[in-house]
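Nothing in this text is a laboratory measurement; each read-out follows from the coordinates by a stated rule. Predicted, not measured: the structure shown is a model, and the values here were computed from it. Quick reminder, even Gly has a Cβ in these numbers, built from the backbone with ideal geometry, and neighbours come from all protein chains shown.
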Amino acid sequence: MAALYSSGLISPIPFSFEPTTIRIGVTGHRTLQNPDRICASVFRILTTLDERLAGTPHHYQVISALADGADRLVAHAVLGWKVQHQPTSDSLNPTLELVLPMPEEIYYGTFQNKSPVTSAEEFRALAARASRQTLVPPPTEASGMPPAEIYRDKRYRDLAYKRAGELVVENCDILISVWDGKPAAGIGGTADAVNHARARGTSLVWIHSSTAKINWPGRGDDFLSQLDALAEYNADSRSDASISQEVAKRLSCLVDYATIASFPAQTLAPLQLAILPHFVKASSLAAKNQEAYFRWGIIGYACAAGSVATAAYLSILGHTLSHYWFLLEVFLLLVALGSGYSLKHFRWQHNWIDYRYLAERLRATCFLYAAGVKFEPPPEFPDLLISWLPHGWMTIALRELWRTLPPSNTVSSLSANKAQVQSLARFLFKAWIDHQQTYYEHAARTNHRKNEQLELLSLLILGATVAIALTHSFAREELMKKIFGANGDHWLSMLAVSLPAVVSAVASVIVYMHFRRNAERYESMGHYLKGVGEDLLKAAGLSHDSDREPDLLKIQAIVEDADHAMAHEHEGWRTVFGVRLPGPG
């Protein structure tokens, strides 16, 4: 470990967050009746966003076509905004992304101001501040035509506006629309962009173009709720010292794997500050919330079964007891109800699955970076669309963390060197694929064993219930008293009523914890990763039956496919645990 410190690969680190970019799209009318009131509404929206992200360094990026009216008004407001309660920093200054529906010189002619020259100058001044410009390509049916002729046709011009509005929606986190609420008069109007945002589930804040009234989204999974989740994650304090120690341990492990594989360990140094601290924190929070979720769920089921047993006991023997004993049943019922309320109120299940997903995506990011594969959000799989747990804030976090990493030099330095490509493949195989395969196979066995143990317990209790019922039905009263005492009949009656409730509680725990389903999922992933490992070694020319030259592009494609498959498994927990089940929670 001392050698690692002296090499500069490990150093004491503070746990801090990089600024988060909030991308604000804008659509709206060109002619506004109350621009000052609308501008004040935009300021109120930005103030609200600042409050929702009070604990998270952030800055805004406005995405706009910079047409007359709402486009420029919102752009001016955002670019002039200084995030409240944050130190001034160049990295936190607002930025602009320009989406051009048509070439600039043609676009000028569409401005509707009384003084087009002034409008064009305002546009150029704003456009000069854009960090990025995107030009909407002309319609395919107009290919080959001169641009001036294309956009002279109103049909093509409207299609360009429509596509520009769609690009704004598709690239923003939250859309501010300055709109009168009426249907679009033609193709490409504000209503089209609003409808596109609603169809995509993009968070939409509507400012009425006449009254300047703000209409906030009413859904619980919109982008604003994602900001709350991100702020909650950021606000959860972890010990900087413990994080630094765990980061050092994780990096030491990666360096050891790299050394064994003859892979250049300095390639991994950027992970120490950009990725590993967040991985450690997300893993810790996931374990903490998972433990609370399972503990209180099991307590709830146990108390529900206990209340049934107490009721049976009191109904049979209660005449000999103080009436205060009946408070025990009330207490157990209240604990069961409190368990369900706690699970909902503290969102342990929600946070556990979100943090686990984030941690596993961060783990994969380490190896994507080593392989020179750029992080991209995984594709949306149709079997996961029923999930009710939002995950947009994690995409924001991953996007921003990846942005802090320096460019990986894997492609340029390894593409022409056989030995180095093979060292990369060995590192990826041992540190990631083989390691994850071992984890999945162990987890599958563990879940199978726990499921079998609980099923056996259920059968034993059920068998005892049947035996008690038969004894109660056919044994003579004299024999019952001789074996079980004077109150033996009462005890057997109580057990006959209580044990089925215990069986139900155990069965509920089996369903609640999804042992069998998770065992099958883990088993499947273990089998898949075994094949991935074999393909990876073949692509690197390292398998016993392969004499091929190492193919870096093939290795990267395998890594990307494996990442998508593991993302699918991690996201799949949302459908396993994300469906609201009967009982606690």
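Here are a few things to note about the model shown:
- Residues ASP36, ASP535 arranged by fewest to most Cβ contacts within 10 Å: ASP36, ASP535
- Test item: Cα-centred dipole of segment 17-233, Lys/Arg +1 and Asp/Glu -1 on Cβ, debye: 520
- Straight-distance candidates among the aspartates and glutamates for linking to LYS374, with alpha-carbon spacing under 14 Å and chain neighbours fewer than 8 residues away dropped: GLU400, GLU560, ASP561, ASP563.
- Efficiency of FRET from Cβ geometry, TYR324 and LEU405, R₀ 51 Å, rounded to 0.05: 0.20
- Fewest-first ranking of HIS527, HIS59, using other Cβ atoms within 10 Å as the exposure measure: HIS527, HIS59
- For LEU135, the residues whose modelled amide H falls within less than 5 Å of its own, excluding neighbours fewer than 5 places apart on the same chain, are LEU100.
- Neighbourhood charge, 13 Å Cβ-Cβ cut-off, centred on THR259 and excluding it, Lys, Arg +1 and Asp, Glu -1: +1
- Length gained on full extension, GLU232 to HIS544, computed as 0.36 nm times the residue gap minus the Cα-Cα distance: 107.3 nm.
- Förster-model FRET efficiency, 35 Å R0, LEU470 and ARG449, C-beta, rounded to 0.05: 0.65
- The 3J(HN,Hα) values that the Karplus relation (6.51, -1.76, 1.60; θ = phi - 60°) gives for segment 244-260 are, in residue order, 4, 5, 5, 4, 4, 5, 5, 5, 4, 4, 4, 5, 4, 4, 5, 5, 4 Hz. Gly and Pro appear as x.
- Amide H contacts of SER543 (H built 1.01 Å from N, under 5 Å, at least 5 apart or other chain): LYS538
- Residues whose amide H falls under 5 Å from that of ARG23, counting only those 5 or more places apart or on a different chain, are GLN61, ASP173, ILE174, with hydrogens built in the peptide plane.
- Straight-distance crosslink candidates among lysines, where the alpha carbon sits under 28 Å from LYS154 and sequence neighbours closer than 8 are dropped: LYS114, LYS162, LYS182
- Sorted by Cβ density within 10 Å, fewest first, the residues THR259, THR465, THR310: THR259, THR465, THR310
- Remark: relative contact order (segment 17-233) = 26 percent; criterion is Cα-Cα distance under 8 angstrom and separation of 6 or more residues.
- Potential extension, THR140-GLU104 segment - 0.36 nm per residue separation minus Cα distance: 11.0 nm
- Beyond 32 Å in Cα-Cα separation lie the following of the pairs LYS281/LYS538; LYS249/LYS344; LYS288/LYS450; LYS249/LYS418; LYS288/LYS530; LYS213/LYS288: LYS281/LYS538; LYS249/LYS344; LYS213/LYS288.
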